[in-house]
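This report refers to the structure that appears directly beneath it.
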Amino acid sequence: MTIGFFDSGIGGLTVLEESMRRLPAQDYVYMADTLHVPYGPKTQEEVRGYVLDAVEAMMGEGIEALVVACNTATSIAVTELRERYDIPIVGMEPAVKPAVEMNRATGKRVLVFATPLTLSMPKYYALVSRVDDEGIVDSLPLPELVLYCEDLQFDKRILEDYFRTKLAEYDLDRYGIVVLGCTHYPYYRNILREVLPPHIEIVDGNAGTIRRLASLLSRYGVMSGRESGQVKLMCTGNDPAYIVKMQNALQWLRDNYS
Ligand code: DGL
């Protein structure tokens, strides 16, 4: 079957790469909203319109399931997308619940990195209120990281300085887990690993999202059929240079994280 993946830019490729590894025989259509990336600093109304338009364009590609591989887009539009389209739709949210559960025994705190828009949405507030009964979750917006990522800025020194500045006010001994609540952030997992003390675990929602996708697809009975493992990369700006950038990013993820 053909599974659509959507993100504002190259972030969702971190989720697509996971899916291609776990479900290699499916066909994929990936759409990046290059006309409007980054979403994080924009308003809820703006992002809602961008997501609905881009997903409508993806439906024209014959997708039979959709992964909203973007925490920001999910928090704003996943409910409306499910009302509009009669296909399985998997959204993403920061992996706060597993992080809180993993930390219960250690008594350490959880630090969630995400975009400012994700962190300001009622959906995030509701998630934290539901799972964080001991008040151990703190949240840190990292909008610049999306810009670095879209610019393919992977200079170790620049990124280490950036993380150190952002984390300067945190007593990291008190934290046990950092949650990457934006799909652009896993590109920086290795650099972040060197900045954080070794006892802090780094988690993201990618594997959990693809497990959910796989179980949803088998429940809908849509896992079989003609399968060829093709990947079509698209962007709203129709920019051939951006398609090449996505191909390179996907290869980089395969080389570094598979
Ligand atoms: N990758 C996205 C997310 O997971 C959005 C980043 C952005 O466009 O600001 O939240």
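The values are calculated or read from the model by the stated rules, or taken from the named source; none is laboratory data. None of these values were measured; they are calculated from a predicted model. Positions of Cβ are backbone-derived with ideal geometry, glycine not excepted, and every protein chain shown enters the neighbour counts. The protein model used for the area step is the full one, side chains on, heavy atoms only, and it has no ligands, DNA or RNA in it. Shrake-Rupley method; radii C 1.70, N 1.55, O 1.52, S 1.80 Å.
Are there trypsin sites (Lys or Arg not before Pro) in the range 32-95 that DSSP puts in a loop and that have at most 16 other Cβ atoms within 10 Å, and which ones? If you can, show how the numbers build up before the last one.
Details: sites: 42, 48, 82, 84; in loops: 42.
For trypsin sites (Lys or Arg not before Pro) across the range 32-95 that sit outside H, G, I, E and B with at most 16 neighbouring Cβ atoms in 10 Å, the list is empty.
Treating the range 119-170 as a set of equal point scatterers at the Cα positions, no solvent, please give the Debye-formula log₁₀ I(q)/I(0) at q = 0.14, 0.26, 0.32 Å⁻¹.
For the range 119-170, the Cα-only Debye profile gives -0.54, -0.98, -1.20.
Which percent of Cα pairs goes in each bin when the distances of the range 74-201 are cut into 10 angstrom slices starting at zero?
Here the calculated profile for the range 74-201 is 11, 41, 33, 13, 2.
What order do you get for 155-161, 231-237 when each peptide is scored by the mean count of other beta carbon atoms within 10 Å, highest first?
On the way: 155-161: 12.6, 231-237: 18.0.
With the highest mean Cβ count within 10 Å placed first, the list reads 231-237, 155-161.
Given q = 0.11, 0.14 Å⁻¹, what are the Debye log10 I(q)/I(0) values for the chain, with equal point scatterers placed on the Cα positions and solvent ignored?
The Cα Debye sum returns log10 ratios of -0.57, -0.94.
Based on the mean of other beta carbon atoms within 10 Å per residue, what is the order of 57-65, 209-217, most packed first? Walk me through the numbers on the way to the answer.
Working: 57-65: 15.2, 209-217: 17.9.
The packing order, highest mean first, is 209-217, 57-65.
If I model a spin label as a point 7 Å beyond the Cα along the Cα-Cβ vector, how far apart are those points for residue 230 and residue 151 in nm?
Modelled inter-label distance: 3.7 nm.
Mind checking the dipole of the chain: about its Cα centre, +1 per Lys or Arg Cβ, -1 per Asp or Glu Cβ, Debye to the nearest 20?
620 debye
Starting from the Cα of residue 189, step 7 Å along the direction of its Cβ; do the same at residue 255; then give the gap between the two resulting points in nm.
1.7 nm
What figure, in Å² to the nearest 10, do you get for the accessible area of residue 255 with a 1.4 Å probe and non-protein molecules left out?
That residue has around 110 Å² of solvent-accessible surface.
Go through 168, 87, 228 and say which Cα lies farthest out towards the positive end of the charge dipole of the chain; charges sit on Cβ, +1 for Lys and Arg, -1 for Asp and Glu.
Working it through, the farthest residue towards the positive pole turns out to be 228.
For 45, 83, give the ranking by accessible area with the largest first, probe 1.4 Å.
83, 45
Pulled fully out, how much extra length does the chain show between residue 48 and residue 105, if you take 0.36 nm times their separation in residues and subtract their Cα-Cα distance? List each step's numbers first, then the result.
Details: separation 57, 0.36 × 57 = 20.52 nm, distance 3.89 nm.
Between residue 48 and residue 105, full extension yields an extra 16.6 nm.
Please work out how much length the chain gains when fully extended from residue 241 to residue 79, using 0.36 nm per residue of separation minus the C-alpha to C-alpha distance, in nm with one decimal.
55.0 nm
Percent of accessible area on the range 56-193 owned by carbon and sulfur, 1.4 Å probe? Walk me through the numbers on the way to the answer.
Working: 2990 of 6030 Å².
Its accessible area is 50 percent carbon and sulfur atoms.
Calculate the length of the line joining the C-alpha centroid of the range 77-96 to that of the range 15-48, in whole Å.
13 Å
Would you list 184, 36, 199 from the most to the least accessible area, probe 1.4 Å? Numbers along the way, then the final one.
Values: 184 5, 36 50, 199 80 Å².
Result, largest first: 199, 36, 184.
Given a 1.4 angstrom probe, what's the average accessible area per residue across the range 82-222, in square angstrom? List each step's numbers first, then the result.
On the way: 6800 Å² over 141 residues.
Each residue of the range 82-222 exposes 48 Å² on average to a 1.4 Å probe.
How would you classify the range 166-258 from its alpha-carbon gyration tensor, with a ≥ b ≥ c the square roots of the eigenvalues: rounded for a/c under 1.5, else prolate if a/b is greater than b/c, otherwise oblate? Each step should come with its number before you reach the end.
On the way: a/c = 2.79, a/b = 1.53, b/c = 1.82.
Taking the square roots of the gyration eigenvalues as a ≥ b ≥ c, the range 166-258 is oblate.
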